[in-house]
1. What's the total number of residues in segment 169-193 that are surrounded by fewer than 17 Cβ atoms within 10 Å (Cβ to Cβ) and in a helix (DSSP H, G or I)?
2. Filter segment 98-130 for residues that are under 20 Å from GLY85 (Cα atoms) and surrounded by fewer than 18 Cβ atoms within 10 Å (Cβ to Cβ); which is nearest to the chain's Cα centre (by Cα)?
3. Which one is nearest to GLY112 (Cα to Cα), of the residues in segment 32-58 that are more than 17 Å from the chain's Cα centre (by Cα) and surrounded by 20 or more Cβ atoms within 10 Å (Cβ to Cβ)?
4. Tell me, please, whether a residue that is assigned to a loop (DSSP other than H, G, I, E, B), in contact with a Leu (Cβ under 8 Å, 6 or more places away or on another chain), surrounded by fewer than 15 Cβ atoms within 10 Å (Cβ to Cβ) and small (Gly, Ala, Ser) can be found in segment 237-251.
5. With respect to ALA2, is the statement that it is over 17 Å from GLY129 (Cα atoms) and outside any strand (DSSP E or B) true?
6. Can you work out which of the residues in segment 138-161 that are in contact with a Pro (Cβ under 9 Å, 6 or more places away or on another chain) and buried (at least 24 other Cβ atoms within 10 Å of the Cβ) is nearest to GLY98 (Cα to Cα)?
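Bear in mind these aren't lab numbers, they're just calculated from the coordinates by the rules spelled out. Computed from a predicted model, the values in this text were never measured in an experiment. So basically every Cβ, Gly included, is an ideal-geometry build from the backbone, and we count neighbours across all protein chains shown.
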Amino acid sequence: MAILSGKSALITGGGGGFGKACALRLAQDGAAITLMGRTEAKLAACRDLVLKSHPEAQMALCPGDGTDERDVKAAVQATIANGGGLDIVVATVGGGSGYCSVLESSYESFMGDLKMNVGSAYLTVRHGGPEMPNGGAFVFISSTAAKLAFLNLGSYCAGKAALDHFMRAAANELGGRNIRLNAVRPGLTHTDGMDALFNMPGYVDGFKPMIPLGRTGVPNDIAEAVRFLAGPESAWVTGQSFAVDGGNELRGAPLG
């Protein structure tokens with residue numbers, strides 16, 4: 001029997017690069033998967049990708065916005081209906097409003113980045129946690145920006161740092177319910193949403209000297225870490241944020 005057989009997982013941001021990789025990895029080990037995201041066509045493409053590799057996978061779609069409380073509540077209930085419960089939440093929703101200095105950014109964009117990165121995570125815990133009477137696992141997609149000060153990404157850095165500390169505070173509170181919360185901090189990873197930056201002359205070359213292992217990441221690098229934190233192998237791990245970054249945090253952020 002597959003090790004996650006009988007487990008039911010909700011993946012927010014399920015149509016994105018990290019969402020797709022995590023869906024494939026969890027389905028490989030037998031979890032029933034419910035995908036939430038704003039674009040139904042992307043969710044359907046992810047479902048089809050998973051079913052192509054794992055025809056037996058139990059898949060459901062729940063279109064919605066990960067920063068909207070009603071949509072998150074609906075996704076939790078859809079996950080229960082699909083898999084018979086809620087055991088795993090992989091919250092990949094996040095992002096930034098773009099490169100801008102702190103002196104030129106707006107309050108609205110700053111708060112929008114906090115809402116996207118930590119608000120979306122909060123909603124999954126607030127509405128998913130009560131549906132885990134026998135315990136469960138939350139895994140959040142953070143960023144090396146939670147630790148490193150990237151130029152002109154102040155609100156994104158603040159949002160990811162807030163996510164990590166919210167995760168620790170919630171892990172402390174919910175440990176008695178056997179609910180574990182952890183995060184993965186990806187380094188520069190080539191998801192489909194990063195095509196424009198990866199195609200920008202000099203962008204990747206500016207990062208590589210700051211990565212001891214000498215290459216940028218691919219989504220499966222992150223999905224393997226998520227799978228560990230979501231599964232029984234990490235049953236005594238909670239409140240942790242793991243860098244999966246080729247060693248980038250050992251050297252720091254590029255200067256330009």
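1. Going through segment 169-193 one residue at a time, the tally reaches 8.
2. Checked segment 98-130; the qualifying residue nearest to the chain's Cα centre (by Cα) is ARG126.
3. Residue satisfying both the conditions and the ranking: ARG47.
4. Taking every residue of segment 237-251 in turn, at least one turns out to be assigned to a loop (DSSP other than H, G, I, E, B), in contact with a Leu (Cβ under 8 Å, 6 or more places away or on another chain), surrounded by fewer than 15 Cβ atoms within 10 Å (Cβ to Cβ) and small (Gly, Ala, Ser).
5. yes
6. Restricting attention to segment 138-161, the residues satisfying the condition of being in contact with a Pro (Cβ under 9 Å, 6 or more places away or on another chain) are 141-144, 150-151.
Checking which are buried (at least 24 other Cβ atoms within 10 Å of the Cβ) leaves us with 141-143.
On the way: ILE141: 18, SER142: 17, SER143: 15 Å.
By that ranking, first place goes to SER143.
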